[in-house]
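Down below is the structure, laid out as structure tokens.
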Amino acid sequence: MAPSSDQGSFRTALAQAKSVLILSGAGLSAASGIATYRNADNSLWNNFDPQKLATPEAFKENPIGMWTFYHRRRAEYLLAKPNPAHYALATLAHAPTLTRIAPFTTRPVHITQNVDALALRVLESLPATQDGDSEVPPPAEAIIEMHGDIFVTRCTSCQHVQRSYAPELAAALTALEKANSDENDLPSVTLDQLPKCGGDAWAGSNRYGRCGGLLRPEVVWFGEVPPRSGEIARKMSGCDMLLVVGTSSIVGDLVRPAADYAAQVKKNGGSLAVFNLGRSNGDEEADFLFVGPCEETLPEVLQVQEDMAILWPKVEAI
Ligand code: BJW
Ligand code: ZN
């Protein structure tokens, strides 16, 4: 049967669901000005073969080139602002809104493939619910960044992991970025000047978290196992309503394991609601399909515009 785009039927199904999950991809952040990976004029990987670039082998072969690429994206994402689609999804982590929309489900976990931290930043900005229940975990626990996060680094020697929104991880990379206007006059960066454990001022210690080792961005490259994969698979097997937002494939022929989740939910008798700018691969399997920019469709279909305005009164984008 063809997917339905009837908003009322979708809301009825959501209101009956007992276990709701969200799976998002790059389309969620498109309205924040962040390029998607594939198939748009400005896509990140139009000029690259991702299976060559986004691998641990590429980092080993060319750490300077890789850090230049990630440093630029990090600087750009730092300036990006969450858009109404992020806020609409985050209202589902707000107990009173969730109780109205889907009273029988526990707080939906948002599994995002995005590495831009925007969904996390919005959940962290959600005002605390005044329900006096100290047992309720903080909203940010309702997010799993399954392909990592560009603001997190891991030391390749001592494995120390750190989150930092500092604009500069290593002075040499910032100098490179500033010199970018004249490609012929690029300062040369040496391995020693790349982001290192303990920072630019590292002075020879070998302690954990200050060992001088080369840092890498804590993103998930091809061939690496996404963190919390087991936990995600378990959650999917108990899910009866999966919202799939802005990802290019919902059947297992693009980026796995994310592209397997929708089929898994369907196999277990759960429902699938897809929010995408256009038709995406496998969306004929969906029960509900809302074609259009998710920054418009999500607030409207979930009917959370008012909740967004009340929860984030100072955000202009809402
Ligand atoms: C809008 C919109 C708007 C736009 N509103 N919508 C066969 C051979 C060899 C390997 C494999 C194989 N089969 C499977 C594999 C494994 C491999 C894989 O999938 N390879 C395939 C390429 C073949 N996968 C892996 O290696 C993964 N690990 C793994 O499998 O481990 C084994 C294991 C797993 C689990 C349990 C046990 C073992 C790791 C995959 C890592 C992917 N990493 C990347 C890069 C992150 C770092 C970085 O950013 O630099 O993650 S790849 C890239 O693709 C990124 C994304 O998260 C991911 C998905 O892309 P996404 O989000 O779908 O973006 P787009 O651009 O493709 O689509 C955007 C969509 O939005 C479009 O549909 C638009 O229409 C829409 N849109 N504007 C609504 N306003
Ligand atoms: Zn270290």
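The values are calculated or read from the model by the stated rules, or taken from the named source; none is laboratory data. No experiment lies behind these values; they were computed from the predicted model shown. All Cβ positions, even for glycine, are placed from backbone atoms using ideal geometry, and neighbour counts span all protein chains on display. All accessible areas refer to the heavy atoms of the entire protein, side chains included, with ligands and DNA or RNA removed. Shrake-Rupley method; radii C 1.70, N 1.55, O 1.52, S 1.80 Å.
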Quiz item: R256: closer than 14 Å to M146 by Cβ, at pLDDT below 95 and open to solvent by 40 Å² or more (accessible area, probe 1.4 Å), yes or no?
Solution: yes
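Table: residues versus (1) more than 11 Å from ligand 1 (Cβ to nearest atom); (2) under 30 Å from P299 (Cβ atoms).
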site: L194; (1), (2): yes, no
site: P217; (1), (2): no, no
site: G230; (1), (2): no, no
site: D260; (1), (2): no, yes
site: N281; (1), (2): no, yes
Self-check item: Long-range neighbours under 8 Å by Cβ, at least six apart or interchain, first residue closer than 24 Å to Y87 by Cβ within the stretch 278-301, second basic (K, R) and modelled with pLDDT under 95
Solution: V291/R279
Quiz item: What is the residue count in the stretch 218-256 for residues that are away from ligand 2 (no atom under 16 Å from the Cβ) and assigned to a strand (DSSP E or B)?
Solution: 7
Quiz item: Has the stretch 1-13 got at least one residue that is touching a helix residue (DSSP H, G or I) at 6+ places or on another chain (Cβ under 6 Å) and either of a type outside the set (V, I, T) or open to solvent by less than 30 Å² (accessible area, probe 1.4 Å) (or both)?
Solution: yes
Quiz item: Of all residues in the stretch 263-280, which are closer than 14 Å to G246 by Cα and either open to solvent by 70 Å² or more (accessible area, probe 1.4 Å) or assigned to a helix (DSSP H, G or I) (or both)?
Solution: L277, R279
Practice problem: Give the number of residues within the stretch 156-169 that are without any contact (Cβ under 8 Å) to a residue 60 or more places away in the chain, within 16 Å of ligand 2 (Cβ to nearest atom) and either open to solvent by 40 Å² or more (accessible area, probe 1.4 Å) or not hydroxyl-bearing (S, T, Y) (or both). | Solution: 7
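Conditions (1) within 16 Å of ligand 2 (Cβ to nearest atom); (2) open to solvent by less than 20 Å² (accessible area, probe 1.4 Å), marked per residue:
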{"site": "A80", "(1), (2)": "no, yes"}
{"site": "T106", "(1), (2)": "no, no"}
{"site": "L126", "(1), (2)": "no, yes"}
{"site": "P138", "(1), (2)": "no, no"}
{"site": "R154", "(1), (2)": "yes, no"}
{"site": "L173", "(1), (2)": "no, yes"}
{"site": "E177", "(1), (2)": "no, no"}
Self-check item: Residue count for the stretch 291-316, restricted to those that are surrounded by fewer than 15 Cβ atoms within 10 Å (Cβ to Cβ) and among the small types (G, A, S)
Solution: 1
